[in-house]
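Structure record follows, encoded as structure tokens.
Derivation of every value follows stated rules applied to the coordinates shown; laboratory data play no part. Keep in mind that what you see is a predicted model, and the values were worked out from it rather than measured. When we count neighbours, we look across all protein chains shown, and the Cβ atoms used for this are built from the backbone with ideal geometry, even at glycine.
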Amino acid sequence: MAESAKILSPEKEVLLPVLDAACPLADTVDIEKLKEFKKRYYDYTFVCYINTNAEVKSLCDVVVTSSNAEKVISKIQNDKIVFLPDKNLGEYIKSKFPNKNL
């Protein structure tokens, strides 16, 4: 999340008290597989959860939080969406938008 804080506020100093802190969920995204997936599903909108790393965010079209995911996804015109990496939030969003191909 420190990486996201720095992206959102590049002029501010962001301190990370534990330098090797990591997010197991964010670590599940394989960058090369994501790139391949984007090539295969070029007509999909890629949405990622905020706690993914910066490289994942850079490959996605939209970044959401748990509190704004439903609202943001409701505004996406494309009915074809790839949501990553949070399976639980993805399943919740899928249940809210049965007409979208999530």
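Of note:
- Summed over region 1-12, residues that are surrounded by fewer than 11 Cβ atoms within 10 Å (Cβ to Cβ) and in contact with a helix residue (DSSP H, G or I) (Cβ under 9 Å, 6 or more places away or on another chain) total 1.
- Here is the figure for region 17-44: residues that are β-branched (Val, Ile, Thr) and either on the phi > 0 side of the Ramachandran plot or not in a loop (DSSP other than H, G, I, E, B) (or both) total 2.
- Single match in Lys38, Lys100, Lys75, Lys57 (criterion: closer than 14 Å to Ser4 by Cβ and of a type in the set (Lys, Arg)): Lys57
- Tabulated pairs, region 9-37, first touching a residue at least 12 places away in the same chain (Cβ under 8 Å) and within 17 Å of Thr52 (Cα to Cα), second assigned to a helix (DSSP H, G or I) and of a type in the set (Phe, Trp, Tyr), C-beta under 7 angstrom, 6+ apart or interchain: none
- Across region 75-96, the number of residues qualifying as without any contact (Cβ under 8 Å) to a residue 40 or more places away in the chain and within 27 Å of Pro24 (Cα to Cα) comes to 12.
- Lone qualifier among Val47, Val56 - being in a helix (DSSP H, G or I) and under 14 Å from the mean Cα position of the chain (by Cα): Val56
- Region 29-56, subset over 18 Å from Lys100 (Cα atoms) and among the acidic types (Asp, Glu), residue surrounded by the fewest Cβ atoms within 10 Å (Cβ to Cβ): Glu32
- Candidates are the residues of region 57-102 that are out of contact with any Ser or Thr (no Cβ under 7 Å at 6 or more places or on another chain) and among the β-branched types (Val, Ile, Thr); the one that is surrounded by the fewest Cβ atoms within 10 Å (Cβ to Cβ) is Thr65.
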